Amino acid sequence: MHASASFPQTFRRAINVALTVLLGLLLAVGATAQSFAQGRVPIVRDAEIEALVRDYARPILKAAGLSKSGIDIILVNDPSFNAFVVGRRMFINTGTLLQAETPNEVIGVIAHEAGHIAGGHQERLRDQLARMQTMALVSAVLGIGAVVAGAAAGSGELAQAGGGIVAGGGEFARRALLGYQRSEETTADRSAFDYLEATGQSTKGMLTTFQRFQNSLSLSGSRIDPYLASHPMPRERIANLDALAHSSANFDKMDPAPLQLRHDMMRAKIAVYTQSQAAPSRARKLSGIAAQYGEAHAAYVRGNPRSALAKTDALLKQQPKNPYLYELRGDVLMKLNKPVDAATAYATAIKLDPAKSGILRIAYGQALLSTGKPDSLKKAVVSIQEGLDRDRENTMGYQYLAQAYNALGEVPEAELATAEGHFYGGNYQQAKIFAARAQQKMKRGSPGWLRAQDIINFRLAKKS
């Protein structure tokens, strides 16, 4: 009687432990991808930074055989030094770009993440996760069976042992999964070295990055069980790569001076926009043009557009072919309520921009829209649409496009643009509502009508 009374409680405890183990495995591996899918990753859009990072990545992706694989690089507004991959997308934190003192350090990070993509590590990790889940589930079933047997026999020791099997099996599965992840990290490190060697670039930046991780752990006083870490310990990584890196003839190779200047200017910009009151001190650690660039952005951010314009014009005398100085000039002129002059600045930026950024075309269209002139409104639609053709997921662009169509009295097109903005922003319900409204006013079978139908028919893929 005593055993049967305690049976439900013991049984429930064993099941709870099993479920906790499985849930922990799922969350540990899937948290990053889930956050992105649900739009919780704070994305940064900037034409200059995106162009620079793509320039860093281009030779690495070619060496990795990924140049034609449609790899997107996404900037994340996060102060920590980190990068990760989700599918064919590589995410790099602004903290990584800000803390990295040389282009080579960022290039080393990109090479490592490219190693993960080229090695198909995510696909294999999913397979490994399935095996680990099975292992944990088998342990849970065996443990629950022992609990049931112990309860039926009135043996508290047997029931307790069953609970131990559940917990122990889950811990073993977790350690095995983390060990697998560590092996993949080591493989990606070696692949990164090969890519850097193939492109004639130094591996010194990689070592600097690992040393930064090691110093961070030392300063924090953290003590980490290496068997409970998903990455190799920094000291271990440095030891594995140090001899290999120094064997390269490119180890002491420096980044080209123009590339280093672009890197420093990027860091100055990121400091201003992400570090609030600390930004000026961060920018002052840089010198020359980079420091002046930071000061121009700081004046713009602080609401002193006239000072920002003077500083930008001074920089343009030193770098008259820098498209992003013209972009900044356009931004400042917009704040000064001079959209005509701003449009001229953006148009010049577009002409000088080798990356053909959609962001600049959308900014130009916004300036044209702000003039309120009928001819400019038509040009705005063309420019914004060109920008969106290059940058389909730019949700702000659809807002400006909708405004331009509304100003021209083209209501169905405005509603379809609004639907597109909601769609790429992940608000599918609103996207369908506006698509339906647009479709009612469009000719059946027209391109706009068909696109509206695509949005209406869209269904999220079911999770496997």
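The values are calculated or read from the model by the stated rules, or taken from the named source; none is laboratory data. This is a predicted model, so every value here is computed, not measured. In this analysis, Cβ positions are derived from the backbone assuming ideal geometry, glycine residues included, and neighbour counts consider all displayed protein chains.
Look at ASP389 and say whether it is in a helix (DSSP H, G or I), charged (D, E, K, R), assigned by TED's automatic domain parsing to the domain that holds LEU369 and surrounded by fewer than 18 Cβ atoms within 10 Å (Cβ to Cβ). It is true that ASP389 is in a helix (DSSP H, G or I), charged (D, E, K, R), assigned by TED's automatic domain parsing to the domain that holds LEU369 and surrounded by fewer than 18 Cβ atoms within 10 Å (Cβ to Cβ).
With respect to the stated conditions, LEU360 is surrounded by 23 or more Cβ atoms within 10 Å (Cβ to Cβ), closer than 25 Å to ILE74 by Cβ and either in the same structural domain as GLY330 (by TED's automatic domain parsing) or among the aromatic types (Phe, Trp, Tyr) (or both). Regarding the range 252-262, can at least one residue be identified that is assigned to a helix (DSSP H, G or I), under 25 Å from the mean Cα position of the chain (by Cα), hydrophobic (A, V, I, L, M, F, W, C) and at pLDDT below 95? Looking through the range 252-262, none of the residues is assigned to a helix (DSSP H, G or I), under 25 Å from the mean Cα position of the chain (by Cα), hydrophobic (A, V, I, L, M, F, W, C) and at pLDDT below 95.
Is it the case that the range 118-131 has a residue that's at pLDDT 80 or above and not assigned by TED's automatic domain parsing to the domain that holds TYR273? Yes.
Of everything in the range 392-413 that's free of Cβ contacts under 8 Å to residues at least 24 places away in the same chain and surrounded by fewer than 21 Cβ atoms within 10 Å (Cβ to Cβ), which residue is farthest from ALA355 (Cα to Cα)?
Filtering the range 392-413 for residues that are free of Cβ contacts under 8 Å to residues at least 24 places away in the same chain and surrounded by fewer than 21 Cβ atoms within 10 Å (Cβ to Cβ), the one farthest from ALA355 (Cα to Cα) comes out as GLY409.
Determine if the range 424-436 includes at least one residue that is of a type outside the set (Phe, Trp, Tyr), closer than 29 Å to ALA349 by Cα and either at pLDDT below 95 or outside any helix (DSSP H, G or I) (or both). Break it down into steps so the answer makes sense when it comes.
Step one: filter the range 424-436 for residues of a type outside the set (Phe, Trp, Tyr), giving 425-427, 429-433, 435-436.
Then keep just the ones that are closer than 29 Å to ALA349 by Cα; that gives 425.
Those left that are additionally either at pLDDT below 95 or outside any helix (DSSP H, G or I) (or both): 425.
For the range 424-436, residues of a type outside the set (Phe, Trp, Tyr), closer than 29 Å to ALA349 by Cα and either at pLDDT below 95 or outside any helix (DSSP H, G or I) (or both): present.
For the range 321-357, the candidate set comprises residues that are in contact (Cβ under 8 Å) with a residue 60 or more places away in the chain and acidic (Asp, Glu); within that set, the residue that is surrounded by the most Cβ atoms within 10 Å (Cβ to Cβ) is GLU327.
Determine if the range 32-40 includes at least one residue that is modelled with pLDDT of 50 or more and over 26 Å from PRO258 (Cα atoms).
Yes, some residue in the range 32-40 is modelled with pLDDT of 50 or more and over 26 Å from PRO258 (Cα atoms).
Tell me, yes or no, whether the range 362-377 has at least one residue that is over 32 Å from the mean Cα position of the chain (by Cα) and free of Cβ contacts under 8 Å to residues at least 12 places away in the same chain. So far as the range 362-377 goes, yes, one or more of its residues are over 32 Å from the mean Cα position of the chain (by Cα) and free of Cβ contacts under 8 Å to residues at least 12 places away in the same chain.
Examine the range 365-383 for a residue that is more than 30 Å from GLN319 (Cα to Cα), buried (at least 17 other Cβ atoms within 10 Å of the Cβ) and not assigned by TED's automatic domain parsing to the domain that holds ASP46, and state whether such a residue exists. The answer is yes, given that some residue of the range 365-383 is more than 30 Å from GLN319 (Cα to Cα), buried (at least 17 other Cβ atoms within 10 Å of the Cβ) and not assigned by TED's automatic domain parsing to the domain that holds ASP46.
There is no residue in the range 66-81 that is in contact with a helix residue (DSSP H, G or I) (Cβ under 8 Å, 6 or more places away or on another chain) and part of a helix (DSSP H, G or I).
Beta carbons closer than 9 Å, at least 6 apart along the sequence or on distinct chains, pair a first residue in the range 224-251 that is at pLDDT below 50 with a second that is small (Gly, Ala, Ser) for TYR227/GLY179; SER230/ALA28; PRO232/SER183.
Among residues of the range 420-450 being of a type in the set (D, E, K, R) and within 17 Å of GLN399 (Cα to Cα), the one that is farthest from the chain's Cα centre (by Cα) is ARG437.
As an exercise: evaluate ALA279 against (1) farther than 19 Å from SER80 by Cα; (2) surrounded by 14 or more Cβ atoms within 10 Å (Cβ to Cβ); (3) modelled with pLDDT under 95; (4) small (Gly, Ala, Ser) and give the number of the one condition it does not meet. All conditions are met except number (1).
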